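Reviewing the structure listed below.
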Amino acid sequence: MIPFDPIPGLPDQRVTVWEYPKPGRTYVAGADFGYGIGRDSDAVVILDVSSKPPRQVAEMHGQWGESLDEPLVKMLRWYNDAYLVGEHQVGGPIMARMHRVHGYPHMYREQREDTLGKPMAPRYGYARRYDDITLRNFRRAIMDRKVILRSTILIEQMRQLNWYSPSNNDAHHNDDDLLRMRLPINDAGRRPSPDLVMAACYAWHASAVRPADEPEPKLKYTPGNPMNLSERQLLELDK
């Protein structure tokens, strides 16, 4: 049973669950956010990283737009407070609202080097870069069979991806760093966004950057001995 209902009035919302959350399991999520209009959709991929190799357990795909914060928080909490890496450009304000309104803290944030130590809020989400490392790492994980995917829609997006030169300059086709990826135009005459692919990239990145569990704090002082002195030192004081 999905722990929430689709938001009324918004079409094309899909939540697919292959495995229900289990106590004691660790989950991570990746999210690619859309504006909720046109060809852009929201996409969320959730992985169980307690399994070896990690495997996909759930997926959200559709047009929630600015209303995604509530169902996404519920989904992440359902999966044992899954750690989220989300795309920053569109999703930054949504993730900020997830923290401010819903109190959800388990999200990736970036702090620029030039703002360290300054009273400035960290930037929510992962800012996609030129020749992005998340895509390269996920591609290698697929090649090495280090992750198990369940979504046929995600896998079909991966199969259809192709590289192109945004400048349409033939000289750039031999320069990998200048190429971009895209999906082919569909039957409706539109070029869909590879949103599920990017969500999977961010989920795989989340498995690497998720904060480790904090170790049990060491006792600074011996119980019953507030000065933390040895027996020999205590005997010396008694003399």
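Values quoted throughout were computed directly from the atomic coordinates according to the rules given, and no laboratory measurement underlies them. These figures come from a predicted structure and were not determined experimentally. All Cβ positions, even for glycine, are placed from backbone atoms using ideal geometry, and neighbour counts span all protein chains on display.
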With θ set to phi - 60° and the Karplus curve 6.51 cos²θ - 1.76 cosθ + 1.60, what are the ³J(HN,Hα) couplings of the range 40-52 in order, to the nearest whole Hz, using x for Gly and Pro? 6, 10, 7, 9, 9, 10, 10, 10, 8, 8, 6, 7, 10
Starting from the amide H of D42, placed 1.01 Å from N in the peptide plane, find each other amide H under 5 Å away whose residue is 5 or more places distant or on another chain. G34, G62, Q63, W64, G65
Simple spin-label model, 7 Å along Cα-to-Cβ: K52 to R140 in nm? 2.0 nm
Residues with amide H under 5 Å from that of S50, placed H, sequence gap 5 or more: T26
Quick one: if you stick a label point 7 Å off each Cα along the C-beta vector at R25 and A127, how many nm between them? 3.5 nm
When L84, L149, L154 are ranked with the fewest other C-beta atoms within 10 Å first, the list becomes L149, L154, L84
